[in-house]
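> Take this structure first; my questions come after.
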Amino acid sequence: MDQGFQFITPSEVIEYMFCPRFVYYLNVLKISQFEHRRTLVNKGRDIHKLKLVRNKDYLRSKIGAIEKFNDVYLSSEILRLVGRIDEVLILSDGTAAPLDYKYAYWENRIYKTLRTQQVLYALLIEEHFQKPVDKAFIVYVRSNNHLESMPITSEHKKKAINILDEIFEIISLSLYPKATKTIAKCSDCTYRNLCVS
Ligand code: SF4
């Protein structure tokens, strides 16, 4: 593999969506964040509880999965993306789907960042498993393992690929992106001392 080949993770894509400058600081200037931020890493807070949930096969039968792969690391040189997926399910209709555990409460909506993450997983799964992915499953552990599914359309996939292209344009051309339009985000941002508006 080309030593200079750079991969990004779904978390970095989500951070780019939070503010495009994160990609610049992290991937162009290579200034790491002092702490990983916010709810982006809400999993892993209680690994033990998550493991207990994941051992329950009833979720798999509820979905109609015929095969399950745990902790799947996938990378794609085409997408320049690498990610770890909690579970990849092969469904009886010939499709595949990611299943993600969130140590969070179900709040009657799937947040945009989480949606994007699932679409990126879908792209990785399609490439590696050679099966179409048209949905994703999310388990909200703190709401009694509430299981939610979300559709993934070709439009979603196109948008996600466009975001990846935007990110790699910043990285390859060392572009300094515009600041977030939501100034409130800057108040507790790790990079606020570096940022010029
Ligand atoms: S300080 Fe504001 S503009 Fe700068 S990186 Fe942070 S969120 Fe983005």
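We did not get these values from a lab; they are worked out from the coordinates using the rules stated. Note that this is a predicted model, so its numbers are computed, not measured. Note that each Cβ is placed from the backbone with ideal geometry, even for glycine, and that neighbours are counted across all protein chains shown.
> Got a sec? How would 171, 14, 85 order by Cβ neighbour count within 10 Å, fewest to most?
The fewest-first ordering by Cβ neighbours comes to 171, 14, 85.
> Still on this structure, please answer the following. Using the count of nearby Cβ atoms within 10 Å as a rough guide to exposure, how do 99, 175 rank from fewest to most?
So the residues, fewest neighbours to most, are 175, 99.
> For every other residue with a beta carbon closer than 14 angstrom to the beta carbon of residue 20, add +1 if it is Lys or Arg and -1 if Asp or Glu, then tell me the sum.
Every neighbour counted, the sum reads -1.
> Grab the other residues whose beta carbon is less than 12 angstrom from that of residue 152, score K and R as +1, D and E as -1, and report the net.
Here the charged neighbours net out to +2.
> Follow-up question, since we're still on this one. Among 62/158; 68/158; 102/178; 135/158; 112/157; 131/159, which pairs are too far apart, with a Cα-Cα distance over 25 Å?
Result: 62/158; 68/158; 102/178 exceed 25 Å.
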